[in-house]
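*Asks:* There's a structure below that I have some questions on.
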Amino acid sequence: MQLYNTLQRKKEVFVPQSAPDVSMYVCGVTVYDQCHIGHARAYVVFDCLRRYLSHLGYNVTYVQNFTDIDDKIINRSAQLGEDCQVLTERYIQAYFEDMDALGIQRANIYPKATQHINEMLDLIQSLIDKGVAYEAQGDVCFDVTQYDSYGALSGKILEDLEAGARVDLNQNKRNPLDFVLWKAAKPGEPFWDSPFGKGRPGWHIECSAMAMCHLGHTIDIHGGGQDLVFPHHENEIAQSECGSGKPFANYWVHNGFVTIKDEKMSKSKNNFYTIKELLSQFSGPVLRLYLLQTHYRHPLNFSIEGLAAVNQAYARLQSVVDAGYPLDVVSENTSFESLEASFFTAMDDDLNTAAALGIIFDMVKLINKCQCGTGVLLRLLTLLGISVRPSDLDQSDEVAALIEERRVAKKNKDFQKADAIRDQIRSEFGLLIEDTADGVRCKPVS
RNA sequence: GGCGGCAUGGCCAAGUGGUAAGGCAGGGGUCUGCAACACCCUUAUCCCCAGUUCGAAUCUGGGUGCCGCCUCCA
């Protein structure tokens with residue numbers, strides 16, 4: 001398949017270094033708050049990529065970290081008077097709840113920063129030994145001028161960056177663009193002992209250390225949101241490659257932002273939706289379908305109205321599954337094969353889930369027409385991680401009794417009464433009664 | 001100031017040289033006791049200007065508008 005590689009600024013054929021094994025590292029969340037729809041997008045996209053690579057026959061090892069020590073965590077912990085670890089564990093659990101609802105398969109490993117302090121210290125030491133990092137008042141900084149390729153990923157030029165650099169309060173740095181590998185502890189902050197004094201790791205170093213620890217010096221795919229390209233990923237590359245002397249990642253894959261009213265979501269603008277609040281209104285698969293309807297590299301301008309529209313689209317998927325047609329293609333229709341082929345062509349082309357979903361709906365139409373072949377559809381939906389369960393519910397006795405009452409009324413041609421019962425079930429139980437050839441179907445109002 | 005992205009029907013969104021996927025919403029039908037579901041029909045020349053080409057939404061140049069990164073951030 002082809003993947004857009006940020007490093008080369010173009011799509012490239014994906015070739016893992018030692019097929020069929022594929023190593024994939026995706027930057028995880030800093031666990032100090034609830035996840036929002038932007039996080040959802042990133043992890044849905046990479047889950048999708050992971051599923052698709054597996055489908056292609058690769059043996060994917062997927063690592064996604066938790067940043068469980070940093071300024072925001074320390075601040076929040078102080079604010080709540082709660083131990084850092086208690087705080088982060090709570091949000092890790094919340095994270096998994098959200099991801100489960102979105103149908104995201106678990107990564108193989110979820111390393112935590114605090115469990116890799118030694119690996120980080122080793123890496124920092126080797127950077128100092130090589131003369132690309134230096135100690136300054138208990139901090140250890142990376143000297144960006146020592147790494148020739150600095151800026152290659154983000155397309156930035158050191159001189160330009162310096163010209164536009166904003167004021168940095170850290171006077172210990174030789175160059176404003178140098179970044180901190182190890183941060184001296186301030187009073188009252190959590191710390192670890194180190195050869196450089198008590199302190200804690202800088203943000204960037206953890207991903208390098210954890211990625212190399214679990215996946216080796218060179219990983220096949222490194223992913224994350226577009227906002228991580230600079231400086232986070234740029235810095236990861238610098239420190240990793242200086243440390244190991246080897247390329248850090250072959251393919252850099254970045255997903256676009258979720259925006260609200262065309263502006264990036266941010267806490268300061270207070271224009272974000274948490275996954276949990278959206279899940280109170282829409283199901284996980286609907287959310288996932290919504291996210292995958294836009295190509296992963298494009299900005300996605302989020303709106304509740306848009307989500308509601310996709311909710312309707314999802315109902316279409318449900319109703320074709322509800323119809324209960326044979327899973328196999330039992331007609332002479334060869335369109336299934338060509339649709340399936342188109343689906344894979346779309347997915348092969350830089351994970352074009354938007355185009356793939358177009359084909360999914362073509363297939364829905366086809367299934368409704370020839371009344372078979374649901375199995376093909378379900379297989380493709382599984383690749384996208386979109387689960388479609390039959391919407392038929394276990395009815396309460398009360399509802400079942402009403403349905404029976406309505407059946408009798410209908411039989412007696414008392415349609416007025418039958419309609420009244422249908423309305424009653426809708427308003428009291430939120431259930432939609434549909435008459436089909438096989439009897440009554442009962443499903444939630446969407 | 002530097003770098004990058006985007007602009008497709010009422011809304012969302014694919015499509016990177018051969019005469020515009022798909023979803024939602026709307027209109028008209030078929031089916032249905034009525035609905036619902038489903039199916040059929042129906043609604044665009046792709047921000048503007050110039051150019052390259054037999055042919056451009058798709059390439060080039062110039063505009064206009066919007067957004068992002070350069071600072072924590074998926």
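The values are calculated or read from the model by the stated rules, or taken from the named source; none is laboratory data. None of the values given here were measured: they were computed from a predicted structure. Cβ coordinates were reconstructed from backbone atoms using ideal geometry, including for glycine residues, and neighbour counts include every protein chain displayed.
*Asks:* Filter segment A:237-254 for residues that are touching a Leu at 6+ places or on another chain (Cβ under 9 Å) and of a type outside the set (Gly, Ala, Ser); which is nearest to RNA strand B (Cβ to nearest atom)?
*Replies:* Among residues in segment A:237-254 that are touching a Leu at 6+ places or on another chain (Cβ under 9 Å) and of a type outside the set (Gly, Ala, Ser), the one nearest to RNA strand B (Cβ to nearest atom) is A:His254.
*Asks:* Another question about this same structure. Considering only segment A:339-354, state which residues are within 8 Å of RNA strand B (Cβ to nearest atom) and free of Cβ contacts under 8 Å to residues at least 24 places away in the same chain. Break it down into steps so the answer makes sense when it comes.
*Replies:* Applying the first criterion (within 8 Å of RNA strand B (Cβ to nearest atom)) to segment A:339-354 yields A:346, A:349-350, A:352, A:354.
The one that is within 8 Å of RNA strand B (Cβ to nearest atom) and free of Cβ contacts under 8 Å to residues at least 24 places away in the same chain: A:Ala346.
*Asks:* Among (1) crowded, with 18+ Cβ neighbours inside 10 Å; (2) within 11 Å of RNA strand B (Cβ to nearest atom); (3) over 24 Å from A:Tyr4 (Cα atoms), which single condition is A:Phe302 missing?
*Replies:* (3)
*Asks:* May I pose another question? Inside segment A:206-236, can you point out the residues that are in contact with a helix residue (DSSP H, G or I) (Cβ under 8 Å, 6 or more places away or on another chain), surrounded by fewer than 23 Cβ atoms within 10 Å (Cβ to Cβ) and of a type in the set (Gly, Ala, Ser)?
*Replies:* Listed by number, the list holds a single entry, A:Gly225.
*Asks:* I'm told A:Arg297 meets every condition in (1) within 11 Å of RNA strand B (Cβ to nearest atom); (2) in contact with a strand residue (DSSP E or B) (Cβ under 7 Å, 6 or more places away or on another chain); (3) within 25 Å of A:Tyr32 (Cα to Cα) except one. Can you identify the failing condition by its number?
*Replies:* Failing condition for A:Arg297: (3).
*Asks:* While we're looking at this one, here's another question. What tally of residues in segment A:206-249 results from selecting those that are out of contact with any strand residue (DSSP E or B) (no Cβ under 7 Å at 6 or more places or on another chain) and in a strand (DSSP E or B)?
*Replies:* 0
*Asks:* Is it fair to say A:Ala94 is of a type in the set (Gly, Ala, Ser), closer than 30 Å to A:Leu384 by Cβ and either at pLDDT below 95 or not in a loop (DSSP other than H, G, I, E, B) (or both)? Spell out how you get there, then give the answer.
*Replies:* On the way: of a type in the set (Gly, Ala, Ser): yes; closer than 30 Å to A:Leu384 by Cβ: yes; either at pLDDT below 95 or not in a loop (DSSP other than H, G, I, E, B) (or both): yes.
Against the criterion (of a type in the set (Gly, Ala, Ser), closer than 30 Å to A:Leu384 by Cβ and either at pLDDT below 95 or not in a loop (DSSP other than H, G, I, E, B) (or both)), A:Ala94 qualifies.
*Asks:* Read through the list (1) within 30 Å of A:Val44 (Cα to Cα); (2) surrounded by 17 or more Cβ atoms within 10 Å (Cβ to Cβ); (3) in contact with a helix residue (DSSP H, G or I) (Cβ under 7 Å, 6 or more places away or on another chain), then give the number of the only condition that A:Ile109 fails.
*Replies:* (2)
*Asks:* Turning to a different aspect of this structure: Could you please give the count of residues in segment A:265-285 that are within 11 Å of RNA strand B (Cβ to nearest atom) and either under 17 Å from the mean Cα position of the chain (by Cα) or among the hydrophobic types (A, V, I, L, M, F, W, C) (or both)?
*Replies:* Of the residues in that region, 3 qualify.
*Asks:* Having 1 or more residues that are over 26 Å from A:Lys443 (Cβ atoms) is the bar; report the helices (runs of 4 or more DSSP H) wholly within segment A:316-389 that clear it.
*Replies:* Once the helices (runs of 4 or more DSSP H) in segment A:316-389 are filtered for at least 1 residues that are over 26 Å from A:Lys443 (Cβ atoms), what remains is A:335-348, A:353-370.
*Asks:* Considering only segment A:127-151, state which residues are within 27 Å of A:Leu7 (Cα to Cα) and buried (at least 16 other Cβ atoms within 10 Å of the Cβ). Let's see the steps before the verdict.
*Replies:* In the first step, residues of segment A:127-151 are kept if they are within 27 Å of A:Leu7 (Cα to Cα); the result is A:127-128, A:130-133, A:141-151.
Within segment A:127-151, A:Leu127, A:Ile128, A:Val132, A:Ala133, A:Cys141, A:Phe142, A:Asp143, A:Val144, A:Gln146, A:Tyr147, A:Tyr150, A:Gly151 qualify.
*Asks:* Out of the residues in segment A:305-338 that are among the charged types (D, E, K, R) and without any contact (Cβ under 8 Å) to a residue 40 or more places away in the chain, which is nearest to RNA strand B (Cβ to nearest atom)?
*Replies:* Per the criteria, the residue is A:Glu305.
*Asks:* Related question: Evaluate segment A:54-62: report whether one residue or more is out of contact with any Leu (no Cβ under 6 Å at 6 or more places or on another chain), part of a helix (DSSP H, G or I) and of a type outside the set (Gly, Ala, Ser). Even if it seems obvious, please write down each step before you answer.
*Replies:* Narrowing segment A:54-62 to residues out of contact with any Leu (no Cβ under 6 Å at 6 or more places or on another chain): A:54, A:56-59, A:61-62.
Remaining after also requiring part of a helix (DSSP H, G or I): A:54.
Add one more test, that the residue is of a type outside the set (Gly, Ala, Ser), and what stays is none.
No, segment A:54-62 has no match at all.
*Asks:* Return the total of residues in segment A:250-290 being touching a residue at least 60 places away in the same chain (Cβ under 8 Å), in a helix (DSSP H, G or I), within 18 Å of A:Cys48 (Cβ to Cβ) and not small (Gly, Ala, Ser).
*Replies:* 5
*Asks:* Still on this structure: Please indicate, with yes or no, whether at least one residue in segment A:420-439 is assigned to a helix (DSSP H, G or I), farther than 30 Å from A:Gln105 by Cα, under 39 Å from the mean Cα position of the chain (by Cα) and in contact (Cβ under 8 Å) with a residue 24 or more places away in the chain.
*Replies:* Yes; the residues of segment A:420-439 include at least one that is assigned to a helix (DSSP H, G or I), farther than 30 Å from A:Gln105 by Cα, under 39 Å from the mean Cα position of the chain (by Cα) and in contact (Cβ under 8 Å) with a residue 24 or more places away in the chain.
*Asks:* Also, quick follow-up: Looking at segment A:6-25, I want the residues that are in a strand (DSSP E or B) and have a partner that is within 12 Å of RNA strand B (Cβ to nearest atom) with Cβ atoms under 6 Å, at least 6 apart or on another chain. Which pairs are those?
*Replies:* Listed by first residue and then by second, the contacts come to A:Lys11/A:Gln2; A:Lys11/A:Tyr4; A:Lys11/A:Asp350; A:Val13/A:Gln2; A:Tyr25/A:His222.
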